[in-house]
Amino acid sequence: MTHTFKPTTVAIGDLVAHPANVRSKSPETYASENIAHLKASIAVLGLLQPLLVQKIDGKFAVLAGGRRHAALLELVADKSAKSFAKRTKIDCRIVPNDCDVTTALSLAENITQAPMNAIDEFEAFARMMEVDGQTPETIAKTFGTTVAAVKGRLRYGLIHPDIRAAARAKTITLDTMKAFADHPSQEVQKEVFEALTKEDSYVQAYTVRNALKSRGVQVSDDIGAFVRQDYEARGGAIAADLLDEHSVLEDSALVETILLEKLSTAAEEARAAIGFAWADAVIQYDYAAMADYGRVYPGPVEPDEKGARRVDEITAELETLEREMENEDLEDEAYNDLYDRVDALEAEARDLQEAYSAEDLARSGVIASWSHGNFSLHVGLVRPEDKPESAGKAPGTTQDQGAADRNEITYPASLTEDLKTERAMALGAAMTMHPDATLDLTLFKLVTDVLGHGMGVTPAIKVDARQEYRSHAKMDEIDSTSLEQVAEARDALDLSWADDAKSPADQFARFRALDAGEKARLVAFATASTTQSCFARDRQRDSLMHDFEVEIMPDIRAHWTPNAALFNRFKKAWLLKILGEELGLAQEAVTLASSTKKEVVAFCDKLFAEPFATLTDAQRAAVAAWCPPMMQTSGIEPVDAPEAEMPEGETEVAEAA
C-alpha cells in the first residue's frame with residue numbers, strides 16, 4: 001500500500017523522539033562525535049531532507065531523521081549558530097496516526113540510503129571546488145570533517161583516470177586503487193598498473209605499493225625526510241602531492257647516494273675520533289653477512305694525572321647524585337634529569353679508563369648504517385682477512401707481509417650487501433627451473449615448522465607468501481640473466497584458475513584440478529619470490545639449504561655473470577690481481593697495469609661476456625667458473641687458477657699497479 005505524507009513545518013522545540021524509531025535503543029548513534037559532520041552540513045546548507053514525524057500527545061515525534069533531529073538540537077544549544085532556536089521551523093512530513101507500518105518506515109529510510117564510496121566523494125568534492133569555487137577548508141566546514149580528510153579524498157584526483165575507471169568497473173578493488181595514490185605521478189601509476197595487469201592477474205594493494213617503492217621515496221619516510229634538503233639542493237626531481245607528506249623524491253639513486261654520503265661522513269668522523277684503520281657505510285646492516293667479521297673491544301688503561309683527577313671528580317659527583325635520587329619526593333622530570341646526568345658521567349669515566357690497543361686500532365674499523373630513522377655505528381669490526389688467525393698463513397709469508405699487501409682483494413660491506421641480493425636472485429631463478437625439488441623443500445619447511453619441536457629447519461626461505469623486496473644500489477646495471485629466467489618461468493605459468501570474478505572456493509577447486517607438474521611450478525615460483533638476500537651457505541649453520549643449493553645451483557654462473565657494474569666497484573689493483581692470479585692471464589695483467597681503471601673494467605666486462613678465442617682451455621675454464629668467493633654455491637671448490645708464466649722481472653710492475 002502506498003502512503004502519502006502531508007508536508008508541514010514544525011518548530012524544533014516541538015520535536016521529540018518517536019518510540020518506534022529503529023535507532024531509539026542506540027544512543028551512541030546520536031553522540032556529538034557521530035553527528036558532527038551532519039551538524040556542520042545543516043549549519044551551512046540547511047536541512048536538505050524533511051523529517052518524518054507523527055503527532056503524539058501534542059508533540060511531533062520524529063519517526064525517521066533522528067540524527068538530523070539530534071543535530072538540530074545541538075545547533076539550538078550552540079550559541080554561535082545564530083539561525084537556529086527552539087522556535088525555528090523546519091520542513092517535515094506527517095505520518096497519519098492510523099498508519100500501521102511506522103517501524104517499517106523508519107527502517108526503510110535507514111537502510112535504503114547507500115553511502116557514497118570514495119570515488120563518488122572525490123568527484124563531488126572536485127565539482128564543489130571547480131563549479132562552486134569551494135576550498136578544502138569550506139568543504140571540511142560544510143561536512144563537519146577535517147581539511148586533511150577532504151584533501152585525502154581529493155588526492156584520488158591524482159590517480160590516473162584509467163585506474164579509477166578500473167575501480168568503478170570492479171576490475172580492481174578500491175583499496176588497490178587507493179594504493180596508486182602513494183605516487184603522485186600519473187605516468188608512473190599507469191606504467192605500474194599496465195605492468196601488473198598485463199596478465200589479467202589479481203592485483204593487490206601491497207603489490208602496488210611494493211612496485212611503487214622502486215619509483216621513488218616519499219618525503220614522509222625517515223630517509224626521505226633526512227635527505228630532502230640536500231636532494232632539493234642538487235636538483236632532484238620531486239613529484240608533488242596535494243598533501244606534502246605524500247610527495248615523492250623520484251630519483252631513488254640520488255636519494256641513496258646522499259644517504260650513503262652522510263653515512264660515510266658519520267663513519268669517517270667516528271673513525272677519526274677513535275683512531276680506527278678504516279670506515280665504511282651501508283644502508284642496512286646485515287648481521288648474517290657480517291658473521292665472519294671479528295670484533296675488538298676497549299680494554300682497561302691507566303689514565304694520566306689529569307685523567308685520574310677527573311675520574312676522582314666524577315666519582316664524588318656520582319655519589320652526590322645517587323643520594324639525591326634516593327629522595328622519594330622527586331618529580332619524574334627531575335629524576336630523569338639526574339638519571340641522564342649519571343649516564344653521561346659514567347660514560348665519561350669509561351672513556352678515561354678504557355681504550356682500544358694500538359694493535360686493535362690498526363686492524364679494525366667502523367661501519368655506519370641506517371636504522372630506525374637514524375645513524376647506527378658498529379665499531380671495532382675486524383674484516384675476515386685481518387683477523388689474527390687468517391693472517392700470515394701462506395708459506396714463506398710473514399704476518400706483517402700479509403697485512404701490508406695493499407692489493408689484497410677485500411669486499412666492503414656495501415658491495416657484499418649488493419652481491420647477496422644478486423645471489424638470492426640467482427637462487428630464485430634456479431628454484432623456478434627445479435620445481436619438483438623446490439616443491440618438496442617448501443612443503444618440508446611448512447610441515448616441519450608446524451610439526452617440529454619449535455626450531456625451524458632453515459631461516460633461508462619464507463612460506464608466508466610474502467614477496468621479498470630486494471634493494472640494490474645499481475639494479476639497472478646488473479646482469480639480467482636471472483631476472484629473464486624468472487620472467488620466462490612466470491610467463492609459462494597456468495593462471496587460468498586465478499579468476500578474480502570467481503569466489504575463492506571456485507578458484508581453489510580449479511587450482512586443485514591442475515596437474516601435479518603445474519602445481520609444482522606455481523609453488524616453485526612463489527617460493528623463489530621469497531628467497532632472502534644470501535651468501536653461500538655454511539653446512540654447519542644451515543645444512544638443509546647448503547645441500548639443496550648444491551643440488552639445484554651447482555654453479556651460479558648459469559644464472560649470473562659478472563659485468564662492468566661489479567668491476568667498477570673493484571680497485572684497479574684487485575682487477576689486475578684477479579686477471580693475473582685467479583684467471584691465469586698474467587701477461588694481460590702486466591699489459592693493463594699502465595692502463596686506466598676504465599680500460600681495465602672494459603677489458604674484464606668483454607672477457608666475461610664472451611671469453612676470447614685466444615684463451616687456453618685452462619684460462620677459459622677459469623673465466624667460466626670465476627665469481628666472488630661468497631657468491632659460489634656452498635661446497636663447490638673454486639677452480640684452481642691455471643698456471644701461467646709471468647714474464648721475468650715484471651711481477652713487481654703488476655703488483656705496483
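Name the residue, out of ALA564, ALA622, that is touching a Gly at 6+ places or on another chain (Cβ under 8 Å), in contact (Cβ under 8 Å) with a residue 40 or more places away in the chain, closer than 28 Å to LEU483 by Cβ and among the hydrophobic types (A, V, I, L, M, F, W, C).
ALA622 is the lone residue from the list that is touching a Gly at 6+ places or on another chain (Cβ under 8 Å), in contact (Cβ under 8 Å) with a residue 40 or more places away in the chain, closer than 28 Å to LEU483 by Cβ and among the hydrophobic types (A, V, I, L, M, F, W, C).
Of all residues in the stretch 552-574, which are over 14 Å from ALA426 (Cα atoms) and not in a loop (DSSP other than H, G, I, E, B)?
ALA564, ALA565, LEU566, PHE567, LYS572, ALA573, TRP574
Filter the stretch 165-184 down to the residues that are surrounded by fewer than 20 Cβ atoms within 10 Å (Cβ to Cβ) and hydroxyl-bearing (Ser, Thr, Tyr) and list them by number.
Result: THR171, THR173.
Take the residues of the stretch 477-528 that are of a type in the set (Ser, Thr, Tyr) and under 30 Å from the mean Cα position of the chain (by Cα): which is modelled with the lowest pLDDT?
THR527
How many residues does the stretch 535-559 contain that are within 15 Å of CYS627 (Cα to Cα) and assigned by TED's automatic domain parsing to the domain that holds THR442?
2
Output the residue which, of all residues in the stretch 294-317 that are among the aliphatic types (A, V, I, L, M) and in contact with an Asp or Glu (Cβ under 7 Å, 6 or more places away or on another chain), is farthest from TYR356 (Cα to Cα).
Here the residue is ILE314.
With the checklist (1) exposed (fewer than 15 other Cβ atoms within 10 Å of the Cβ); (2) modelled with pLDDT of 85 or more; (3) of a type outside the set (Ser, Thr, Tyr) in hand, flag the one item ALA281 doesn't pass.
Failing condition for ALA281: (1).
Among the residues of the stretch 529-557, write down those that are closer than 19 Å to LEU419 by Cβ, buried (at least 17 other Cβ atoms within 10 Å of the Cβ) and modelled with pLDDT of 80 or more.
MET545, HIS546, GLU549, MET553, ILE556, ARG557
Can you name every one of the helices (runs of 4 or more DSSP H) wholly within the stretch 289-400 that holds 2 or more residues which are at pLDDT below 85?
Once the helices (runs of 4 or more DSSP H) in the stretch 289-400 are filtered for at least 2 residues that are at pLDDT below 85, what remains is 305-325, 332-353.
Being touching a residue at least 60 places away in the same chain (Cβ under 8 Å) and outside any loop (DSSP other than H, G, I, E, B) is the filter here; which residues of the stretch 575-591 pass it?
The answer is LEU576, LYS577, ILE578, GLY580, GLU581, ALA586, GLN587, ALA589, VAL590.
The values are calculated or read from the model by the stated rules, or taken from the named source; none is laboratory data. If you're wondering where the values come from, they're calculated on a predicted model, not measured in any experiment. FYI the Cβ positions are ideal-geometry reconstructions off the backbone, even for glycines, and counts take in every protein chain you see.
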